[in-house]
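Have a look at the structure below, then the notes.
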Amino acid sequence: MVSQETRQVHSTGPARTALYSVSRRAVLRGIGSLGASVAGLTLLGGCQFVGGSPSTPTRVRHIGFLYTGSQVTLQPYRDAFLDQLHQHGWVEGENLTVEWRFADGRFELLPGLAAELVRLEVEVLTAIGGFGAVPARQQTSTIPIVMINVGDPVGEGLVQSLVRPGGNVTGVRIGTVAITVKGVELLKTVAPWLARLVILADPRAPNPDLFPSAAQQTAQNLGLESRSVDVQTVQDVDNAFQMLQAWKADGVILQGASTYVGGVNARVVGLAAKQRVPAMFQTAYIVSDNGGLMAYLQNFPSAYRLGADYVDKILRGASPADLPVVDPRQFDFIVNTKTSRELSITFPPDAAAQVTQWIQ
């Protein structure tokens, strides 16, 4: 899943960097992890990353960056990545050279772009998502790779384990399970009458079973009935909502997937509003641009900062084999107040207290 970055591939609208200037940043608690990663974070215990570095490097270092989307859509994340490197003493154009490579949503270009970075003999290769990290790993087993937002690094063959990756790849997982579990829980809190949940998922997404499985299990834990429906096209959305209406479902959660064709996200918003069904999303722009009710997602700039921390550690001599894969640490809960009024939904205090951004 490359959820927030769905927009990077399929939307041509302006970037919503303002979404990351929230009045308050809450790291929401009470969400599960995938077990072994907790131990990985424990290993990091005394290694909390802080601004600044013991010394300012003088030798110019050479790194690569492989991105599935475009230069424009990367900008807010690029800014966070470079700023965090700056905190460690690395400045692009001074003691750091970055080779940026963009696939512009054409995933078939990624193996060639990865091979190009390997030929340039970059010292560290940062790759985004499974779509970027897998072809990067296929091109080299020696150049350290820092992955960002990969759903299942073990399942995709990138690392031996989350605690001890064991090879040339480490980095930051995407919080697919955590944000899905918390998203369903928040949807039930906001809509306490919720009894039947429809889960819309794209089977083409990386690790296609993670999202629907987590949503179904959470629904079961909350005493809800649920049905998972595969959605790839706008027509699939129409069919899903016909089923939703016939089944008398009263809630929807949509996977944040970069594989959706244009129009899918907006169509879900439109039909949810028409049928007056509260919907939870995993992508910020669906709330800010398309008028979706609410979204729960990881804070993506913070994930890029974690990735930059690992680039710094590797440039200073650390081995990726010994750096545990980490989970995202910051999450956003974004609500569109206009849509909530139109649906006559009032956010109870416990849910309102967790909102990090109210879209007016």
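The values are calculated or read from the model by the stated rules, or taken from the named source; none is laboratory data. In this text the structure is predicted, and so the values were computed from the model without any measurement. Reconstructed Cβ throughout: ideal geometry from the backbone, glycine too, with neighbour counts over all protein chains shown.
Before moving on, here are some points about what is shown:
- Filter result (outside any helix (DSSP H, G or I), surrounded by fewer than 16 Cβ atoms within 10 Å (Cβ to Cβ) and in contact with a Lys or Arg (Cβ under 7 Å, 6 or more places away or on another chain)) within the range 241-279: LYS248
Condition check ((1) closer than 28 Å to GLN160 by Cα; (2) surrounded by fewer than 23 Cβ atoms within 10 Å (Cβ to Cβ); (3) not assigned by TED's automatic domain parsing to the domain that holds PHE65) across all residues:
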position	(1), (2), (3)
LEU85	yes, no, no
VAL91	no, yes, no
GLU94	no, yes, no
GLY105	no, yes, no
GLU108	yes, yes, no
ALA114	yes, no, no
LEU117	yes, no, no
ILE128	yes, no, no
GLN138	yes, yes, no
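- Residues that are touching a residue at least 24 places away in the same chain (Cβ under 8 Å) and hydrophobic (A, V, I, L, M, F, W, C) within the range 143-157 comprise ILE143, ILE145, VAL146, MET147, ILE148, VAL150, listed in sequence order.
- Near pairs, Cβ below 7 angstrom, 6+ apart or cross-chain, from the range 167-189 (without any contact (Cβ under 8 Å) to a residue 12 or more places away in the chain) to any residue that is hydrophobic (A, V, I, L, M, F, W, C) and surrounded by 24 or more Cβ atoms within 10 Å (Cβ to Cβ): none
- Selection from the range 233-292 of residues that are closer than 19 Å to ILE179 by Cβ and either touching a His at 6+ places or on another chain (Cβ under 7 Å) or without any contact (Cβ under 8 Å) to a residue 12 or more places away in the chain (or both): TYR260
- Test for ASP327: is it closer than 17 Å to PRO165 by Cβ and either touching a strand residue (DSSP E or B) at 6+ places or on another chain (Cβ under 6 Å) or outside the structural domain of LEU186 (by TED's automatic domain parsing) (or both): yes
- In the range 213-240, the residues that are surrounded by 15 or more Cβ atoms within 10 Å (Cβ to Cβ), among the polar types (S, T, N, Q) and in a helix (DSSP H, G or I): SER213, GLN216, GLN217, THR218
- Any hit, the range 167-182, residues being assigned to a helix (DSSP H, G or I) and over 16 Å from the mean Cα position of the chain (by Cα): no
- Only residues that are modelled with pLDDT of 95 or more, closer than 23 Å to ARG137 by Cα and of a type in the set (Asp, Glu) were counted across the range 80-107, and they come to 1.
- Residues that are of a type in the set (A, V, I, L, M) and either assigned by TED's automatic domain parsing to the domain that holds ASN149 or within 16 Å of LEU343 (Cα to Cα) (or both) within the range 254-276 comprise VAL268, VAL269, LEU271, ALA272, ALA273, listed in sequence order.
- Checking the range 295-309 against the condition returns a match, with at least one residue being farther than 30 Å from ASN168 by Cβ and under 24 Å from the mean Cα position of the chain (by Cα).
- Any helices (runs of 4 or more DSSP H) falling wholly within the range 292-360 and containing at least 3 residues that are among the hydroxyl-bearing types (Ser, Thr, Tyr) and crowded, with 18+ Cβ neighbours inside 10 Å: 300-315
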